[in-house]
Amino acid sequence: MNKILLVIKREYLSRVQKKSFIVMTILGPILMAALFIVPVYLSQISDETKKIDILDETGWFINKFENSDRFHFDYVYDDLETAKTNISVKKFVGCDLQ
């Protein structure tokens, strides 16, 4: 049993004394945090106001959306086919025509 402990101790010390182990011990958590923080930060730095048109043929959602400094909601009172043809003229943030 004593020989196994000696081998484990020697292997552990040989790994810990390498420069790559010390560097990755410090840089590893920083890189992992950057993988989560950078995309969130990049998605929030947009200063432009996004224009979103709402086509609600049922009338349930009229005046339910409030404009803010990031989003401007416009209500479209056309039918679906007319709204689809107008999409190519306007710039939309989100569009799903399925």
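Coordinate-derived values only; no laboratory data. Keep in mind that this is a model prediction, so the values were computed, not measured. In this analysis, Cβ positions are derived from the backbone assuming ideal geometry, glycine residues included, and neighbour counts consider all displayed protein chains.
Scanning segment 25-70 for residues that are aromatic (Phe, Trp, Tyr) and farther than 30 Å from GLU81 by Cα yields PHE36, TYR41.
Within segment 53-73, how many residues turn out to be among the β-branched types (Val, Ile, Thr) and either out of contact with any Phe, Trp or Tyr (no Cβ under 6 Å at 6 or more places or on another chain) or part of a loop (DSSP other than H, G, I, E, B) (or both)? Step through it out loud before you land on a result.
Of the residues in segment 53-73, the ones among the β-branched types (Val, Ile, Thr) are 54, 58, 62.
When the remaining residues are screened for being either out of contact with any Phe, Trp or Tyr (no Cβ under 6 Å at 6 or more places or on another chain) or part of a loop (DSSP other than H, G, I, E, B) (or both), the result is 58, 62.
So the count comes out to 2.
Scanning segment 16-36 for residues that are of a type in the set (Lys, Arg) and loosely packed, with under 10 Cβ neighbours inside 10 Å gives a single hit, LYS19.
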